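Just passing along the structure, written as structure tokens.
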Amino acid sequence: MEATLVSFIKVLGEKAISIASEEFCHLVGLKKGMQLLKESLSMIQAVLHDAERRQVGEEAVKLWLEKLENVAFDADDVLDEFNYDVLRQKVQMQNQMKHKVCFFFSILSPVPCKHVKLAKKIHDMNVKLKSINEDAKNFGFLSQIGANATASLPFPSRFIMLNRETDSTNSCSTFIGRDNDIANILEKLTAKSDEIVSVIPIVGMGGIGKTALAKRIFNHHKTQNQFDEKIWVCVSENFNVNRLFGLVLESLGQKTGKESREARTRKLQEKLEGKTYVMVLDDVWNENLGMWDDFMGSLKGINTTTGNFILVTTRKHQVASIMATSSSHCSLGELSDDECWLIFKEKAIGRHEVLEESRAIGLEIAQICQGLPLVACTVGGMLRNKRREEWISALKRGLQGLTENENNVMHILKLSFDNLPCPALKRCFAYSSIFSKDSVMERDQLIQLWMAEGFLQTHSRSMDMEEIGNMFFNILLQNSLFQDVEWDEYDRILSCKMHDLVHDLAQSMQNSQRDEDDIHPIRHLALENCGEETPSILNKRFRYIRSLFSVYDISEDVSYFISLRVLNLSSTDLTLLPKSISKLFRLRYLDLSDTPIEGLPNSICKLYNLQTLRARDCYGLREFPMKFKNLISLRHFDYFTDDSCSSRMPFELGKLACLRKLPFFNVGEIKGWKIEELRNLKNLTGRLEIRNLELVNCKKEAECANLLEKSNIHELTFAWCEDQIDTNRAIGVLEGLKPHPNLKGLILKNFMGNQLASWISDLRNLVKLEVRNCRRCKEIPALGHLPFLQYLELAGLDNITCIGPSFYGFDNSDASSSNHSSGQAVTRLFPALKYLILSDIENLKHWMELSVEIIPTDRVVVFPILEVLDIHRCPQLTTVPTQFPSLKNLAISYINHGLPVVTKICSKVITLTHLLLHGVQGLTCLPDWLLLNNANLTKLTLCDCLDLKHLVSDSQDCSIDHQTHNLNGIGSLETLYIFRCSQLKSVQIPSRLLGSLQNIVISECHGLINLSSEIMKSSASLDHFEVSNCSNLNSFPGDLELTPSLSYLWLSHCVQLTNMPNGICCLTSLRHLTIGAFSDTMEFSSFRDAFSGFKHLSSSLLRLHLYGQPHWESLPDQLQHLSALEELKLYDFGVKFLPDWFGKLLSLEKLHLRACSILQHFPPQIEMRRLTKLSELYIIDCPLLTQRCYPRSDSNPEWCKISHISGILIPGFRTDGKYS
């Protein structure tokens, strides 16, 4: 409590002095009362440190502190009333001046009665504080005026800021030890298992490294190769099964809403059917066996494939005992002292040399960490870059007390809290616990919340509140109190998390966990979804809440909470804010994001204290009140829409001089929506998109935006409408929009001038540049000299015919002087570029190589680190550079002279890992040198290459001269996709290319006659093999027995195939089989015989799609052995009834019947009723059966057979089931 109270009381005193300086305070004699308030608060602040120390053993002191806390909050509320009146008068003055009415008469008007009442409240506060000070004297507290308890705000010169190499962006990011644990768990995961789901608990105390170990295994290459899907779920305390299924779906990339459990299990069935998965349930606390059995029962029903695994991390041995499917589990012990030392050293020193004296102290600290990696990591972060004396001091202050008891881990973690440099920072850290455990905390949102609560107050002219908040955030990162940082493309931190133990620490410091029968008021409350009914919070205990996060729409009740500073109603069902919102005049933060809200009431414009308004993803929000400009304290307006209508913007935004965040601005024709509104918004930061620039008339008008003075904007988007006619006006407007040199990202859309602005080449800090649909632009500016440019996209530039030498930004005169002065200097052009995209430049013919006359070519390096080059729909391109020393991913699409382009680009490339050739004309085969030179090529995609005849050069009609057919050493290729290459007759793949091949897909290659037998002989690692719609393929290569790892086989619609492939029944790993639609001369006996031995697939095959012939009057009876089959689709069979053995397919969940024109009957009802898991029946183009399946009032035997199925879809009728 002491840390938060010290900061709080200090801020109160400063606020009192600030308000005392206002004019109306003199009129009502408030200045003396405010000064007295400041003095009383200062006296109390001086003794708080001693009071905090004594409260542990003295109940009276504890009660004194609680009384002080309540009075302090009351005083803050009273001061906020004064502050609100100050803001109200400023708004009135702003509005009066607009109408040219002299406002000084209001100063001479009688003093409002309200001010007299406020003066009375200040007097009452002073009386209470006087009483508290007298009690403090009676307690005999020691005064510490000027001591560390009143430390001032830390400024950057006193504290080390964030270091990307060694900062704690991931708690204990250096993974040390656990080799045996990793090997043992991986051995279990990769071993064959007959269980549907096996559970391996990882158990140990907090901070022992359970989650870190799980992450290590989760991302291990053996895990990735073993399982089709990987799922990560952080469980924490809430083991609600429906919630867990929602989290599983989110991990699989599936969006979820407020869905029933049934709906979510259906979605999981669709996502996981036929797949194996590994799932991590992290941080499980649930000891309820019934809840666990419920979860596992549903999970096994969702997917009956064997070989799935769940890793569970937990602190509780009881949880491990309940969840484990075998007697063994992984119980983590402590790391060795040497391992703790390595972790500590990495966090505290990084890669710097360790002095022997520091090493000795560090080894002592490592010993006291007693094998807990989180402690070693946290303490290392706390002592990062600190002097030796501070290491010794930390050692003496409490590290020697560590034991095996988990509470001592919290004691160690608290050392980081105690070491934070000022009370305000401690309040920020403690407040962060309002987010639930494992939440992703947006950096900007966190800072906005700290600001709203008053934690970032300063009178420094050099730093504003956001800068202080950012500094605080970085310090918390350095001290390992935040972790798991995510960055944007500009290396700006977007979000972070807190470790669970650190969250516990923050929560204890916030003192927010009280007994339910406690009479103390709650100041911060987060309502989570714990049931259907909205909990009641309209009672005295919650009356003075300052922060309220709610997942329920409680907007009608919010006026009850008169002290609210923070209100978060995001992701609720809120459609309209009540007019009473204006009563929350202390409100500084309002979050309405992801709600169906349709409008804001006029009364919201009276929230003069509001600093942050968030309305992300509020797609129904279309208009704003006309008096929105009255929100004069607004700093962050986080709202975005794709609609460019000016009315989607608040009117006269330029009046909001404090505004810092404004994602977009729609220029309008009416004053109040014109671009001049941006003039006075001098503090804008982050990203800004300016639209409707065709409505700006000239350069001078564009200059009114004053972008050149806005140094904190890091990304700008300029957008015009495509139908603009005046080219010269567009050029002038763009010139007038010249930004500050600090700009890092620039996006131009639909600019209709014929030349880009000259200032673009001067943006030395540019990281990203996108120029899209600027169809009249004739030349691309010089860019190669920009030292930080990483991403460049040029698209839709119809007027560009040549990318010439000027593009490289090379100055011969500068290079010559550099050459003479340095002798051996190498010039690097595009030194940081990693991504280059050229798209839809229809008239581009030449992309010129750099021509250097003064300096030899070996002294100039172009594109030194370019990794991705994508050239798409540049049909006339013929000339391209040849210098791409680091190229990894090349995509060439729809170029008329594609072959020369590919040849030139790849002629010197030896680093490719991914190659995509789409619509490349003239390519008859892949050149040998391309494969030989790129030994690490893992993925090759060929699509719509209409001249391709051979995959590799083995014929005289190949258009590429080749020097060798020796492809020895090439074995990295993992994925091969070939689509719509109509002249490809044979896929001959040398065996050396097949060693690592895992995925082959060949589709719609109608000239294909045969496949290489080497595919089967040499592809032992093949997992996915698909050949479809190849109308002339007449033979299938080799024997499938040679590909034992195959799990997915699709062979269909190859109408010349007369024989079935051999060895299907040897594929014991097969999960999915689609086969059929071959030559109509194929006999059913040949088709049926291919399924002999299907009983060997009874436990593995999950999905089977069979294409038959209309004259085949039966189904392969071997299908009855597929006891694990979940999905069966039958097409074009001439059967009249489904056989009785269908009742043996007990795992069947989906049955699709299509184009079986004479099918009339299902199996007998008794057999159909055995299919208890069947939930989806799809019947189409089966007219005779369809007629018998409609539910009617009279008896219908076929309907009776299927009426128990929840999801039925037939022409003209469907039930309420879900369909894939």
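The values are calculated or read from the model by the stated rules, or taken from the named source; none is laboratory data. Treat the numbers as computed from the prediction; the structure is a model and nothing was measured. For neighbour counting, all protein chains shown are included, and Cβ atoms are generated from backbone atoms with ideal geometry for every residue, glycine included. Each accessible area value is taken on the protein alone, full model and side chains, heavy atoms only, with ligands, DNA and RNA left out. Shrake-Rupley method; radii C 1.70, N 1.55, O 1.52, S 1.80 Å.
At 7 Å along the Cα-to-beta-carbon direction for both Ala935 and Ala891, put a label point, then send me their distance in nm to one decimal.
2.9
Over the stretch 1063-1149, what percent of the accessible surface lies on carbon and sulfur atoms, probe 1.4 Å? The partial results should precede the final answer.
Working: 1380 of 2980 Å².
After summing per-atom areas, the C and S share lands at 46 percent.
Ignoring solvent entirely, what values of log10 I(q)/I(0) come out of the Debye formula for the stretch 1000-1091 at 0.14, 0.20 Å⁻¹ when each Cα is a single scatterer?
Taking Cα atoms of the stretch 1000-1091 as identical point scatterers yields -0.45, -0.95.
Hey, got the dipole for the chain? About the Cα centre, +1 on K and R Cβ, -1 on D and E Cβ, debye to the nearest 20? Spell out each step's value before the answer.
Details: 132 positive and 144 negative charges, 654 e Å.
So the dipole magnitude of the chain works out to roughly 3140 debye.
Report ³J(HN,Hα) in whole Hz for each residue of the stretch 450-455, in order, from the Karplus equation J = 6.51 cos²θ - 1.76 cosθ + 1.60 where θ = phi - 60°; Gly and Pro get x.
4, 5, 5, 7, x, 7
Amide H neighbours of Gly454 under 5 Å, at least 5 residues apart or on other chains, H built in the peptide plane: list them.
Distant-sequence amide H within range of Gly454: zero hits.
Solvent-accessible area per residue for the chain at a 1.4 Å probe radius, Å²?
42
Further, regarding this structure: Scan around Thr1074 for amide H atoms under 5 Å from its own, H built in the peptide plane at 1.01 Å from N, and keep only partners 5 or more places away or cross-chain.
The answer is Leu1049, Trp1050, Leu1051, His1105.
Where Lys and Arg each count +1 and Asp and Glu each count -1, what net charge lies around Ser198 among other residues with Cβ under 15 Å from its Cβ?
Details: positive: Lys188, Lys192, Lys300; negative: Glu187, Asp194, Glu195.
Taking every other residue near Ser198 into account, the sum is 0.
For the stretch 605-654, what is the charge dipole size about the Cα centre, in debye to the nearest 20, if Lys and Arg each add +1 at the Cβ and Asp and Glu each add -1 at the Cβ?
So the magnitude is around 260 debye.
If I take R0 = 22 Å and measure r between the Cβ atoms of Thr801 and Ser907 in this structure, what FRET efficiency does the formula 1/(1 + (r/R0)^6) give, to the nearest 0.05? Spell out each step's value before the answer.
Values: r = 24 Å, r/R0 = 1.08.
That gives a FRET efficiency of 0.40.
Under a Cβ-Cβ cut-off of 15 Å, what is the net charge of the residues other than Glu842 that fall near it, where Lys and Arg count +1 and Asp and Glu count -1? Could you put the intermediate results ahead of the total?
Values: positive: Arg772, Arg775, Arg776, Lys778, Lys845, Arg873; negative: Asp798, Asp840.
With Lys, Arg at +1 and Asp, Glu at -1, the net is +4.
If you put +1 on each Lys and Arg Cβ and -1 on each Asp and Glu Cβ, how big is the dipole of the stretch 36-80 around its Cα centre, in Debye rounded to 20? Show your work: numbers first, answer last.
Values: 5 positive and 11 negative charges, 49 e Å.
About 240 debye.
What is the stretch 1156-1212's relative contact order, in percent, from Cα pairs under 8 angstrom and six or more apart in sequence? Write down the numbers at each step before the final one.
Numbers: 66 pairs, mean separation 25.2, N = 57.
Result for the stretch 1156-1212 is 44 percent.
Still on this structure: Enumerate the aspartates and glutamates that Lys682 could reach by cross-link, defined here as Cα to Cα under 14 Å, with residues fewer than 8 away along the same chain left out.
Asp464, Glu703, Glu709
If one computes the Cα centroid of the stretch 1092-1150 and of the stretch 742-762, what distance in Å separates the two points?
Their Cα centres are 62 Å away from one another.
Exactly which trypsin sites (Lys or Arg not before Pro) in the stretch 833-919 are in a DSSP loop and have at most 15 other Cβ atoms within 10 Å? Could the numbers behind the result be given before it?
Details: sites: Lys834, Lys845, Arg859, Arg873, Lys888, Lys904, Lys908; in loops: Lys834, Lys845, Arg873, Lys888, Lys908.
Sparse-neighbourhood loop trypsin sites (Lys or Arg not before Pro): Lys908.
Follow-up. If R₀ is 22 angstrom, what is the calculated FRET efficiency for the pair Ser986 and Glu1041, using the beta carbon separation as r and rounding to 0.05? Don't jump to the answer; show the numbers that get you there.
Numbers: r = 23 Å, r/R0 = 1.03.
For R0 = 22 Å, the calculated efficiency reads 0.45.
Can you list residues whose amide H is under 5 Å from Cys234's amide H, if they're 5+ apart or on another chain and H is modeled 1.01 Å from N?
Asp282
Also, I was wondering about something else. Please give the net charge around Leu1128, taking every other residue with its beta carbon less than 13 angstrom from that of Leu1128, where Lys and Arg add +1 and Asp and Glu add -1. Display every interim value, and only then the final one.
Numbers: positive: Arg1103, Lys1129, Lys1144, Lys1150, Arg1154, Lys1173; negative: Glu273, Glu1126, Glu1127, Glu1149, Glu1176.
Counting the neighbours of Leu1128, the net charge comes to +1.
Separate question: How large is ³J(HN,Hα), in whole Hz, for each residue of the stretch 1020-1029 in order, when computed from phi with the Karplus curve 6.51 cos²θ - 1.76 cosθ + 1.60 and θ = phi - 60°, using x for Gly and Pro?
Computed from phi, the couplings for the stretch 1020-1029 are 5, 8, 4, 10, 10, 10, 9, 10, 8, 6 Hz.
For the stretch 1135-1147, just list the computed ³J(HN,Hα) in residue order, Karplus coefficients 6.51, -1.76 and 1.60, θ = phi - 60°, integers in Hz, with x standing in for Gly and Pro.
Couplings: 7, 8, 8, 7, x, 5, 5, 4, x, 7, 7, 5, 8 Hz.
In this model, which of Lys908/Lys939; Lys749/Lys904; Lys275/Lys834; Lys738/Lys778; Lys120/Lys579; Lys949/Lys1129 are farther than 25 Å apart at the alpha-carbon?
Details: Lys908/Lys939 19 Å; Lys749/Lys904 31 Å; Lys275/Lys834 35 Å; Lys738/Lys778 20 Å; Lys120/Lys579 29 Å; Lys949/Lys1129 35 Å.
Pairs exceeding 25 Å: Lys749/Lys904; Lys275/Lys834; Lys120/Lys579; Lys949/Lys1129.
Let me ask something else. Any lysines with Cα under 16 Å of the Lys90 Cα? List them, leaving off those in the same chain fewer than 8 positions away.
Lys98, Lys100, Lys606, Lys627, Lys629, Lys655
Could you tell me the center-to-center distance, by alpha carbons, between the stretch 48-98 and the stretch 621-639 in angstrom?
Going from one Cα centre to the other spans 28 Å.
Report, in deg cm²/dmol and to the nearest 500, the calculated mean residue ellipticity at 222 nm for the chain, where each DSSP H run with n ≥ 4 adds -39500 (n - 2.57) and the sum is divided by the residue count. Spell out each step's value before the answer.
Values: 32 runs with 362 residues, N = 1220.
Calculated mean residue ellipticity at 222 nm is -9000 deg cm²/dmol.
Here is a further query. Loop-only trypsin sites (Lys or Arg not before Pro) in the stretch 1094-1147, please: DSSP not H, G, I, E or B, and at most 10 other Cβ atoms within 10 Å.
Answer in residue order: no site qualifies.
Cross-link partners among lysines for Lys347, C-alpha distance below 28 Å, same-chain residues fewer than 8 apart left out?
By straight Cα distance, Lys347 reaches Lys210, Lys215, Lys386, Lys396, Lys414, Lys426, Lys437, Lys497.
Once the whole set of protein chains is in place, how much accessible area is left on Glu1127, using a 1.4 Å probe, in Å² to the nearest 10?
10
From the protein chains alone at 1.4 Å, what is the descending order of accessible area for Thr306, Thr595, largest first?
Values: Thr306 30, Thr595 5 Å².
Of Thr306, Thr595, the descending order of accessible area is Thr306, Thr595.
I've got another one for you. In the stretch 626-681, which GluC sites (Glu not before Pro) fall in coil by DSSP and have 14 or fewer other Cβ atoms within 10 Å?
Details: sites: Glu652, Glu669, Glu676, Glu677; in loops: Glu652, Glu669.
Qualifying residues, ordered by number: Glu669.
Still on this model: Of all the accessible heavy-atom surface of the stretch 244-312, with the other protein chains kept in place and a 1.4 Å probe, what percent is carbon and sulfur?
Result for the stretch 244-312: 49 percent of the exposed heavy-atom area is carbon or sulfur.
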